[in-house]
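Taken together, the values in this text are just the output of simple stated rules run on the coordinates, not laboratory data. Note that the structure is a prediction, hence the values are computed from the model and not measured. Ideal geometry is used to build each Cβ from the backbone, glycine not excepted, and the neighbour counts take in all protein chains shown.
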Ligand SMILES: Nc1ncnc2c1ncn2[C@@H]1O[C@H](COP(=O)(O)OP(=O)(O)OP(=O)(O)O)[C@@H](O)[C@H]1O
Ligand SMILES: [Mg+2]
């Protein structure tokens, strides 16, 4: 891969848990993100997939430094984000943006949508005059399929899909290179999901955007991503390009996720084998010893309950599983 | 585009403010309160012009006469017209109320914003200070402050303002703690907005509702406090009329001339109730969920 636009190394985000009672003691941590590494190349879409609560949003927020990571490093276009002063970081925010999971919560209810979209322009001094600003806001609203006449209206007057379009316009205002799309359609009616999805796709093509696209099931990123990273309980278990991830999933968790995605051909759908995961996702406060997936893994064997598998290359995939660890005896799966 | 703006709703932008006003206008008590306040403010401004007699026109032969066509509220022990004095005193009551509450707002709200937004040490420090102020009963604290500053209208404003500052700091901080966790605040940070901008453009507008309600309710209590201080001789000084003073003077003639105390007492009652009705109405109109958040400091007198 050529010089990546974003690279994340061993990112950790722990949320402290305090005891209740008169004296608040730091008793434990929610290990929301626990050693995540990946790279996103310029112009590509990396899909980040995993069940609810596995740490996808937290990864996106820490990557953009909207929450302080506990450990690890994020490099954006050559700059180590940790080393930036707060002024440099705010300036860098021009080049990165986030589209949030819940469009009902991400727009300030006291601001008209015109003001919301204009805010990035004001913050970074990107419009010299009021006329220029108004013109640019109109342009941005049109770009996302909203009429500029709506600029004086308030978020509560819009549907979820329209609000998400406002959120997209805000994200585009500074002409960023990189956008974290955090389940941008998950909260929307099914009937309008495709419209927003197509918009994001078109924008990427026209503007040459780089996406980290978060979703909780594989079908949502299937057609959209160049590569896909699968996350489980704060860790990445497998990264591969879209086609080979779908055709030859390596990690048992990826295999289980894929078997849950319906296949359009009914004959195939009926005959194929389904893998049903048993048990619940363990708590990120108290993850199991060894591989985080071992309590639910159908192929669990000796080292799984003792050692953490690390993400290593195996036939074009990066996979964190003892089944593919060259130092382990090879078992045929 | 598959999701169109609902055309029925598209006729005109509906602002939250208009919605709030409509709800407020549907509340009969709040409307009554608003009417009373309008009259009161009018009287406060034009009191001296409306008053049929001068406030210090002494008329000993006609002292302690009951309400009549010539003296609607009767006369006091010096033969002064009680109606004129009640009307003229409206101004000082409103002035003390507005200035004292304005002081509490201007000091308390920024303290609450800073404490709630930055949290940590600055929060503990500021709120500890507010707790100390708040731990005294309101009127005792005001008296103590006046004992230091000396009696008078100006000092009464400062004293009452200081007494009400912690309420505004607390209410603001409480709302800021909630609002600063909102996703739209994070979104503002994501596009590069700095702390000051976030506080001014995103936090403050979203914590205004409880502050507005508290302002209205505090006006009632501040006016009551002023009356209490003047009653004790610590506020408005003679020969200027104040409702609290007149009540105190009327006490000595309660058997002979009950009107001397009843009418200024009624003026206080009507004013305080009017502000309370409007405040309650605003609270319901702005956000019914806020009910428990807003503190009222009822032990004023
Ligand atoms: N501020 C916080 N304090 C404590 N724990 C948190 C906080 N934010 C997130 N968590 C926990 O961290 C874990 C990961 O949360 P995160 O929101 O990143 O998950 P997610 O993968 O985005 O899930 P979803 O698909 O539901 O959005 C969860 O267990 C969550 O409860
Ligand atoms: Mg999430």
If the label point sits 7 Å along Cα→Cβ of residue A:42, residues of the stretch A:78-107 with amide N under 19 Å come out as A:78-81, A:92-97
How many percent of the alpha carbon pairs in the protein assembly as shown exceed a separation of 48 Å?
35
Beyond 18 Å, what percent of the Cα pairs of the stretch B:17-119 remain?
66
Of all DSSP beta bridges located in chain A, what percent are antiparallel, nearest 5?
60
Rel. contact order, % - alpha carbon contacts under 8 angstrom, at least six apart, chain A:
19
GNM, chain A, Cα, under 10 Å: largest mean-square fluctuation among A:260, A:315, A:62?
A:315
Shielding of A:97-108 by other chains, given as the mean Cβ count within 10 Å, works out to 4
Enter the mean projected area of the convex hull around the alpha-carbon atoms of chain A, in nm², rounded to one decimal.
20.4
Taking the DSSP beta bridges in the protein assembly as shown as the whole, what percent of them are antiparallel, to the nearest 5?
60
Measuring from label point to label point, each 7 Å out along Cα→Cβ, what is the residue A:66 to residue B:240 span in nm?
5.5
Go ahead and set up a Gaussian network model of chain B, Cα springs under 10 Å, then flag whichever of B:155, B:195, B:240 fluctuates most.
B:195
What are the equivalent ellipsoid semi-axes of the stretch A:112-175, built from the alpha-carbon gyration tensor (square roots of five times its eigenvalues), in whole angstrom, biggest first?
19, 11, 10
Two-decimal log10 I(q)/I(0) for the stretch A:152-252, as the Debye equation yields it once each C-alpha is a single scatterer, q = 0.21, 0.24 Å⁻¹
-1.17, -1.36
Using Cα pairs under 8 angstrom and six or more residues apart, how large is the relative contact order of chain B, in percent?
25
Taking only Cα atoms, what is the 0 to 90° angle, nearest 10, from helix B:153-179's long axis to the longest principal axis of chain B?
20
In deg cm²/dmol, rounded to 500, what helix-only [θ] at 222 nm does the protein assembly as shown give when every DSSP H run of at least 4 residues adds -39500 (n - 2.57) and the total is split over its residues?
-15000 deg cm²/dmol
May I ask for the angle, rounded to the nearest 10°, between helix A:190-207 and the longest principal axis of chain A, with both axes built from Cα atoms and the value confined to 0 to 90°?
80
With contacts defined as alpha carbon pairs under 8 Å and 6 or more residues apart, what's the relative contact order of the stretch B:126-240 in percent?
36
FRET efficiency, residue A:191 to residue A:152 (Cβ-Cβ, R0 22 Å, nearest 0.05):
0.20
Let me make sure I get this right: for chain B, a, b and c are the square roots of the gyration tensor eigenvalues over alpha carbons, sorted descending. Under 1.5 in a/c it's rounded, otherwise prolate if a/b > b/c, else oblate. Which is it?
oblate
Between residue B:119 and residue B:252, the FRET efficiency computed from the C-beta separation at R0 = 45 Å comes out, to the nearest 0.05, as 0.25
On C-alpha positions alone, give me the angle between the axis of helix B:28-50 and the longest principal axis of chain B, in degrees, nearest 10.
50
PRE zone check, label point 7 Å out along Cα-to-Cβ of residue B:131, amide N under 18 Å, scope the stretch B:164-184, hits B:165-175, B:177
Theoretical gain in end-to-end length, residue B:62 to residue B:197 [0.36 nm per residue, Cα-Cα removed]:
42.1 nm
Compute the distance in nm between two label points, each set 7 Å from the Cα along the Cα-to-Cβ direction, one at residue B:269 and one at residue A:241.
8.7
Alpha carbon centroid spacing (whole Å) that separates the stretch B:169-220 from the stretch A:200-229:
35
Among B:50, B:171, B:143, residue whose mean-square fluctuation peaks in a GNM of chain B (springs only between Cα atoms under 10 Å):
B:50
